Amino acid sequence: MNIWIVMFCGGLATFAIRLSFIYLFGKLRVGEGLRRALYYVPPAVLSAIVFPELIMPGGTFDLSLGNVRLLAGAAAALIAWFSKSTLGTIAAGMAVLALLSFTGL
């Protein structure tokens, strides 16, 4: 029973923290500079999550053509550039990664 209480309290705390920012952002007047800076937060966070996995698979720096994650990421970037489809980009990137991993290229 204790684990359920901890999970519920953790979820409630996470929800409260996120709701507070949404609520306060709607009530407070935010300057144009901060608003422009916040526009770039999601791409920066996504880049911080994705790029280390692409260029450092297994914890070692690898920019070679043998790095299938980097090749799949490059293919996904090209697909995203031309298609502007998030779902298509994810599906194509996963397909390229699976194909390159399966064929051993």
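The values are calculated or read from the model by the stated rules, or taken from the named source; none is laboratory data. Quick caveat, the model's predicted, so the values are computed rather than measured. Positions of Cβ are generated from backbone atoms using ideal geometry, with glycine treated the same way; all protein chains shown enter the neighbour counts. For accessibility, only protein heavy atoms count, side chains too; no ligands or nucleic acids. Shrake-Rupley method; radii C 1.70, N 1.55, O 1.52, S 1.80 Å.
At-a-glance table
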item: Where trypsin sites (Lys or Arg not before Pro) in DSSP loops with at most 11 other Cβ within 10 Å are excluded, longest remaining stretch of the chain; result: 30-83
item: Relative contact order (percent, whole number), the chain, Cα cutoff 8 Å, 6+ residue spacing; result: 16
item: Dipole of the chain, positive end: most advanced residue of F25, L38, S83 [Cβ charges, Cα centre]; result: F25
item: Probe 1.4 Å - accessible area at M94, Å² to nearest ten; result: 130
item: The chain: calculated mean residue ellipticity at 222 nm from DSSP helix runs of at least 4, using -39500 (n - 2.57); result: -26500 deg cm²/dmol
item: Chymotrypsin sites (Phe, Trp or Tyr not before Pro) restricted to DSSP loop in region 19-102 with at most 11 other C-beta within 10 Å; result: Y40, F61
item: Accessible carbon and sulfur surface of region 1-63 relative to its total accessible area, %, 1.4 Å; result: 74
item: Histogram of C-alpha separations across region 1-41, 10 Å bin width, %; result: 25, 34, 22, 15, 4
item: Magnitude of the charge dipole, the chain, Cβ model with Lys/Arg +1 and Asp/Glu -1, debye to 20; result: 500
item: For region 1-99, projected area of the alpha-carbon convex hull averaged over all directions, nm²; result: 10.7
item: Net lengthening on full extension, S101/T14 (0.36 nm per residue, minus Cα-Cα); result: 27.6 nm
item: Heavy-atom surface of region 1-77, accessible at 1.4 Å and reported per residue (Å²); result: 84
